[in-house]
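Since the structure comes first, as structure tokens, the remarks are kept for the end.
The values are calculated or read from the model by the stated rules, or taken from the named source; none is laboratory data. Computed from a predicted structure; not experimentally measured. Note: ideal-geometry Cβ built from the backbone for every residue, glycine included; neighbour counts use all protein chains shown.
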Number of protein chains: 2
Amino acid sequence: MRSADVVVALDVGGTGMKCALVRGDGTVLHAERHPTDAGRGPDAVVDTVLGVAEGLAGKARADGLDPVAVGIAVPGVIDEARGIAVWSANVGFRDVPLRDLAQDRLGLPTALGHDVRAGGLAEARLGAGRDAGHVLFVAIGTGIAAAHVVAGTAAFGAHGAAGEIGHILVRPGGPPCGCGRPGCLEAVASASAIGRRYSALAGVPTSAAEVADRAAAGEPLAADVWREAVEALADGLATGQALYDVETVVLGGGLARAGARLFDPLRAALHERMTFHREPRLVAAALGDEAGCLGAALLALDSMEK
Amino acid sequence: MRSADVVVALDVGGTGMKCALVRGDGTVLHAERHPTDAGRGPDAVVDTVLGVAEGLAGKARADGLDPVAVGIAVPGVIDEARGIAVWSANVGFRDVPLRDLAQDRLGLPTALGHDVRAGGLAEARLGAGRDAGHVLFVAIGTGIAAAHVVAGTAAFGAHGAAGEIGHILVRPGGPPCGCGRPGCLEAVASASAIGRRYSALAGVPTSAAEVADRAAAGEPLAADVWREAVEALADGLATGQALYDVETVVLGGGLARAGARLFDPLRAALHERMTFHREPRLVAAALGDEAGCLGAALLALDSMEK
């Protein structure tokens with residue numbers, strides 16, 4: 001790539017989209033954010049996505065840069081090979097051929113990817129996992145999802161649904177999960193599950209961050225709820241390690257902001273569970289909420305190499 | 001490869017080794033079996049392995065064939081990249097540089113692989129998974145282990161320990177596993193776990209095959225034990241599918257010989273658990289106990305292409 005070449009990168013979420021112009025070496029030259037307003041329906045969202053991408057390409061040209069490709073990351077089930085957002089509840093997409101729509105509108109080669117896999121790609125190549133060849137990136141927020149990145153490529157599976165670590169069974173007969181089954185990791189250890197569990201027991205609406213604070217302050221109920229979540233998380237990560245065998249596990253998403261209050265007990269609980277597994281390094285994500293957008297840029301750059 | 005070219009393939013287990021001369025197209029030209037006698041210690045076993053391989057290469061030459069490479073599959077933790085059998089309880093190996101030892105002794109390029117990953121490779125390329133790009137091969141016998149094969153290559157992980165599906169938690173607080181933790185899939189659903197469970201409840205030594213027979217004949221205790229194992233297996237396979245997202249799950253090992261008595265209820269239980277996951281085809285292994293040896297041949301052939 002020449003020094004004036006940039007890619008247009010978008011990470012589309014249910015509430016907002018993070019957008020950037022990114023150079024071949026990963027440098028962000030310009031960043032902007034826009035609301036998604038998913039409630040307007042999928043057609044309107046697609047129109048906004050394409051409009052924002054077009055605007056960014058125009059901005060690049062106005063700045064004397066040359067937009068050479070587009071990368072778009074979207075949540076849900078994504079068929080990367082065919083460039084289709086198969087199913088994305090947050091954004092309201094169902095079988096949207098977003099790659100071709102963007103290519104047609106902007107006249108630029110476009111790559112479509114999964115938001116967590118894009119975030120994992122960025123963390124594995126530019127962030128907290130950059131010295132490891134095998135990385136598991138786990139995003140813990142409202143839900144829990146993972147990306148398994150080997151040699152700089154995120155596995156997407158046969159149907160674009162790999163890495164659904166939020167929906168592995170950790171507590172048979174446990175709390176109901178949004179997916180319809182009981183006892184999924186997400187139903188016990190996501191930020192929303194922790195808040196929900198404490199709120200139900202204490203009778204007061206409480207966020208996971210507040211539970212972490214109260215547990216750290218020595219409140220017994222909060223400490224119990226926090227420990228239960230940490231143990232379920234350790235069970236889930238141990239299962240991930242048994243199947244993937246990575247060098248480094250990178251934790252991102254809102255819950256990872258709890259810092260040592262999460263990482264210290266989680267490392268101890270994970271260590272306890274390592275028998276057949278090789279113990280991975282457990283580290284916090286380094287790129288914050290820009291990981292998905294940077295990963296979308298990497299997908300665009302990778303597609304140009306092919 | 002020329003038509004006279006063959007590879008020497010060995011699948012080394014705790015009790016016996018399966019050995020063959022295999023052509024580039026996967027045709028087995030000659031097969032033999034030898035006892036391993038692991039009790040003699042690792043040095044003696046290595047000597048037998050190398051002697052058998054040398055004998056096979058000599059037999060090939062005597063038959064007018066040209067042995068061009070060697071493939072050896074071994075159980076345990078295998079470092080494929082460095083050609084080292086890191087840890088293999090069944091065979092008594094601990095950090096044995098088997099690839100280099102074979103290369104030195106036979107003067108032929110040698111590939112070392114993991115037995116279940118080799119078996120999975122063979123099933124994915126030549127056996128029951130040959131029409132799928134993403135295959136999970138699960139061997140259920142004394143233990144439970146898996147190989148994740150994508151585009152004809154088995155993932156080995158960062159430390160040669162990927163695919164340890166026998167050691168994922170399915171029953172918190174459940175039966176103790178040989179690995180030292182309670183509730184692993186292997187501790188509930190392996191052939192030995194099924195036999196052990198029924199034997200303890202019935203007070204009579206009984207094998208998993210007999211439990212399957214008695215369950216099919218309508219004996220309530222056997223039916224309960226069998227159903228518990230099938231449900232745990234479905235939980236484990238659902239977890240594998242959530243993380244790997246494959247097209248086809250191939251079940252091998254002794255337990256798969258139960259046929260419809262295993263596959264019918266297991267398919268139903270797996271179907272019930274599919275929410276976020278895409279449902280995989282569930283099929284029986286096609287290559288029997290020769291899969292590991294054929295896989296060792298494939299590893300040898302692949303190493304020549306590099």
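Assuming B:Ile194 fulfils every condition listed in (1) within 11 Å of chain A (Cβ to nearest Cβ); (2) of a type outside the set (Ser, Thr, Tyr); (3) in a helix (DSSP H, G or I) apart from one, which condition is it?
That leaves (1) as the condition not met.
Can you tell me which of (1) within 19 Å of A:Phe263 (Cα to Cα); (2) within 14 Å of the chain's Cα centre (by Cα) is the one A:Gly195 doesn't meet?
The one condition A:Gly195 does not meet is (2).
Within the bounds of segment A:261-269, is there any residue that is in contact (Cβ under 8 Å) with a residue 40 or more places away in the chain, surrounded by fewer than 18 Cβ atoms within 10 Å (Cβ to Cβ) and either over 26 Å from B:Asp235 (Cα atoms) or among the hydrophobic types (A, V, I, L, M, F, W, C) (or both)?
yes
Within segment A:275-297, count every residue that is on the phi < 0 side of the Ramachandran plot and at pLDDT below 95.
Qualifying residue count for the region: 6.
Among the numbered criteria (1) at positive phi; (2) surrounded by fewer than 22 Cβ atoms within 10 Å (Cβ to Cβ), which one does A:Leu126 miss?
Here A:Leu126 clears every test but (1).
Considering only segment B:30-52, I want to know if a residue exists there that is in contact (Cβ under 8 Å) with a residue 60 or more places away in the chain, surrounded by fewer than 21 Cβ atoms within 10 Å (Cβ to Cβ) and not hydroxyl-bearing (Ser, Thr, Tyr).
Yes, segment B:30-52 has at least one match.
Being within 30 Å of A:Val28 (Cα to Cα), hydrophobic (A, V, I, L, M, F, W, C), within 20 Å of the chain's Cα centre (by Cα) and within 14 Å of another protein chain (Cβ to nearest Cβ) is the requirement here; does A:Val249 meet it? Step through it out loud before you land on a result.
Details: within 30 Å of A:Val28 (Cα to Cα): yes; hydrophobic (A, V, I, L, M, F, W, C): yes; within 20 Å of the chain's Cα centre (by Cα): yes; within 14 Å of another protein chain (Cβ to nearest Cβ): yes.
In short, yes.
Run down B:Ala212, B:Ala222, B:Ala256, B:Ala187 and say which single residue is crowded, with 19+ Cβ neighbours inside 10 Å, within 14 Å of chain A (Cβ to nearest Cβ) and among the aliphatic types (A, V, I, L, M).
One residue alone meets the criteria, B:Ala187.
Name the residue that is nearest to A:Gly127 (Cα to Cα), counting only residues in segment A:271-289 that are part of a helix (DSSP H, G or I) and within 14 Å of chain B (Cβ to nearest Cβ).
The qualifying residue nearest to A:Gly127 (Cα to Cα) is A:His271.
Residues being surrounded by fewer than 19 Cβ atoms within 10 Å (Cβ to Cβ) and modelled with pLDDT of 95 or more: count how many of those fall in segment B:66-92.
Counting residues in segment B:66-92 that are surrounded by fewer than 19 Cβ atoms within 10 Å (Cβ to Cβ) and modelled with pLDDT of 95 or more gives 1.
Being at the interface with chain B (Cβ under 7 Å from one of its Cβ atoms) and either within 17 Å of B:Val170 (Cα to Cα) or touching a helix residue (DSSP H, G or I) at 6+ places or on another chain (Cβ under 8 Å) (or both) is the filter here, so list the residues in segment A:173-184 that pass it.
Taking segment A:173-184 first, the residues at the interface with chain B (Cβ under 7 Å from one of its Cβ atoms) are A:179-181.
Across segment A:173-184, the qualifying residues are A:Cys179, A:Arg181.
Which residue, of B:Val49, B:Val12, B:Val7, is out of contact with any His (no Cβ under 7 Å at 6 or more places or on another chain) and more than 30 Å from B:Gly178 (Cβ to Cβ)?
Of B:Val49, B:Val12, B:Val7, the one residue that is out of contact with any His (no Cβ under 7 Å at 6 or more places or on another chain) and more than 30 Å from B:Gly178 (Cβ to Cβ) is B:Val7.
Would you check if A:Glu32 is more than 22 Å from A:Lys306 (Cα to Cα) and either part of a helix (DSSP H, G or I) or under 17 Å from the mean Cα position of the chain (by Cα) (or both)?
no
Anything in segment A:156-172 that is more than 7 Å from chain B (Cβ to nearest Cβ) and at positive phi? List them, or say none.
Answer for segment A:156-172, where residues must be more than 7 Å from chain B (Cβ to nearest Cβ) and at positive phi: just A:Gly160.
Of everything in segment B:197-208, what is surrounded by fewer than 19 Cβ atoms within 10 Å (Cβ to Cβ) and either outside any helix (DSSP H, G or I) or not polar (S, T, N, Q) (or both)? Give them in sequence order.
B:Ala200, B:Leu201, B:Ala202, B:Gly203, B:Val204, B:Pro205, B:Ser207, listed by residue number.
Which one of the conditions (1) in a helix (DSSP H, G or I); (2) touching an Asp or Glu at 6+ places or on another chain (Cβ under 6 Å) does B:Val211 fail to meet, given that it meets all the rest?
Unmet for B:Val211, out of (1) in a helix (DSSP H, G or I); (2) touching an Asp or Glu at 6+ places or on another chain (Cβ under 6 Å): (2).
All but one of (1) modelled with pLDDT of 95 or more; (2) at the interface with chain A (Cβ under 8 Å from one of its Cβ atoms); (3) in contact with a strand residue (DSSP E or B) (Cβ under 8 Å, 6 or more places away or on another chain) hold for B:Ala242; state the number of the condition that does not hold.
Of (1) modelled with pLDDT of 95 or more; (2) at the interface with chain A (Cβ under 8 Å from one of its Cβ atoms); (3) in contact with a strand residue (DSSP E or B) (Cβ under 8 Å, 6 or more places away or on another chain), only one is false for B:Ala242: (3).
For segment B:35-45, indicate whether the set of residues that are of a type in the set (Asp, Glu), assigned to a loop (DSSP other than H, G, I, E, B) and under 22 Å from A:Arg278 (Cβ atoms) is non-empty. Don't jump to the end; show me each part of the working.
Taking segment B:35-45 and keeping what is of a type in the set (Asp, Glu), we get B:37, B:43.
Remaining after also requiring assigned to a loop (DSSP other than H, G, I, E, B): B:37.
Checking the rest, the ones that are also under 22 Å from A:Arg278 (Cβ atoms) come to none.
No, segment B:35-45 has no match at all.
Out of curiosity, is A:Glu231 closer than 29 Å to A:Ala73 by Cβ and either of a type in the set (Asp, Glu) or in the same structural domain as A:Ile144 (by TED's automatic domain parsing) (or both)?
Against the criterion (closer than 29 Å to A:Ala73 by Cβ and either of a type in the set (Asp, Glu) or in the same structural domain as A:Ile144 (by TED's automatic domain parsing) (or both)), A:Glu231 does not qualify.
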